[in-house]
Amino acid sequence: MAHGDFAVEKTDEEWRRELTPEQFHVLRQHGTEPAGSSPLNAEKHAGVFHCAACGQPLFESATKFESGTGWPSFWAPMEGAVGTSTDRSLFMARTEVHCARCGGHLGHVFPDGPPPTGMRYCMNGAALDFDPT
Ligand SMILES: [Zn+2]
């Protein structure tokens with residue numbers, strides 16, 4: 001990811017002012033929240049999950065499923081909402097998922113999800129805001 005890749009770009013100082021320390025750690029420093037720490041894990045209401053940094057709608061509640069991992073999991077993002085890159089940390093190649101609007105790190109995607117896509121978008125709840133419909 002380079003400067004100019006995203007519609008919303010701010011300096012670390014600006015993001016630090018706008019986000020909580022936990023949100024900043026996940027979204028801007030590719031952090032991972034402890035499993036089971038997010039209240040959004042158990043969120044079962046109908047609505048839309050937005051990027052906690054820039055507000056872009058990312059996932060609809062209809063695509064959320066209980067993965068048993070301790071992180072909010074979805075089988076598909078909304079059209080054009082996220083981008084991916086290859087993450088080679090932790091001695092393995094994983095597919096990193098970020099907000100397509102601000103580049104904020106959201107989590108990873110794995111090919112072991114349920115139908116209809118077979119994908120598991122394993123997200124950090126700290127990177128998301130939930131808006132019930
Ligand atoms: Zn965003």
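Considering each of Val109, Val26 in turn, give the residue that is more than 24 Å from Thr133 (Cα to Cα), more than 16 Å from the ligand (Cβ to nearest atom), under 12 Å from the mean Cα position of the chain (by Cα) and among the hydrophobic types (A, V, I, L, M, F, W, C).
It is Val109.
Tell me whether the stretch 14-21 contains one or more residues that are part of a strand (DSSP E or B) and touching a Lys or Arg at 6+ places or on another chain (Cβ under 9 Å). The answer is no; no qualifying residue exists. The set of residues in the stretch 3-13 being more than 13 Å from Arg101 (Cα to Cα) and either outside any loop (DSSP other than H, G, I, E, B) or at pLDDT below 95 (or both) consists of Asp12, Glu13.
Residue by residue, here is whether (1) surrounded by 20 or more Cβ atoms within 10 Å (Cβ to Cβ); (2) touching a residue at least 24 places away in the same chain (Cβ under 8 Å); (3) touching a Phe, Trp or Tyr at 6+ places or on another chain (Cβ under 9 Å) holds:
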| residue | (1), (2), (3) |
| --- | --- |
| Val82 | yes, yes, yes |
| Arg88 | no, no, no |
| Ala93 | no, no, no |
| His105 | yes, yes, no |
| Pro111 | no, no, no |
| Pro114 | no, yes, yes |
| Thr117 | no, yes, yes |
| Tyr121 | yes, yes, yes |
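Just for strands (runs of 3 or more DSSP E) wholly inside the stretch 47-101: which have at least 1 residues that are among the hydrophobic types (A, V, I, L, M, F, W, C) and in contact with a Cys (Cβ under 6 Å, 6 or more places away or on another chain)? The strands (runs of 3 or more DSSP E) meeting that bar are 47-51, 57-60, 94-99. Examine the stretch 48-59 for a residue that is over 14 Å from Leu128 (Cβ atoms), in contact (Cβ under 8 Å) with a residue 12 or more places away in the chain and not aromatic (Phe, Trp, Tyr), and state whether such a residue exists. Scanning the stretch 48-59 turns up no residue that is over 14 Å from Leu128 (Cβ atoms), in contact (Cβ under 8 Å) with a residue 12 or more places away in the chain and not aromatic (Phe, Trp, Tyr). Only one of the numbered conditions (1) among the charged types (D, E, K, R); (2) at pLDDT 95 or above; (3) away from the ligand (no atom under 16 Å from the Cβ) is not met by Arg88, and that is (2).
Looking at Lys64, Lys10, Lys44, which one is of a type in the set (D, E, K, R), away from the ligand (no atom under 16 Å from the Cβ) and over 16 Å from the mean Cα position of the chain (by Cα)? Steps first, please.
On the way: Lys64 fails: over 16 Å from the mean Cα position of the chain (by Cα); Lys10 fails: away from the ligand (no atom under 16 Å from the Cβ).
Result: Lys44 is the single residue among Lys64, Lys10, Lys44 that is of a type in the set (D, E, K, R), away from the ligand (no atom under 16 Å from the Cβ) and over 16 Å from the mean Cα position of the chain (by Cα).
The numbered conditions (1) under 15 Å from Gly103 (Cα atoms); (2) surrounded by 10 or more Cβ atoms within 10 Å (Cβ to Cβ) are all true for Glu22 except (1).
The values are calculated or read from the model by the stated rules, or taken from the named source; none is laboratory data. As the structure is a computational prediction, the values presented were derived from the model and not from experiment. Cβ: placed from backbone, ideal geometry, glycine included. Neighbour counts: every protein chain shown.
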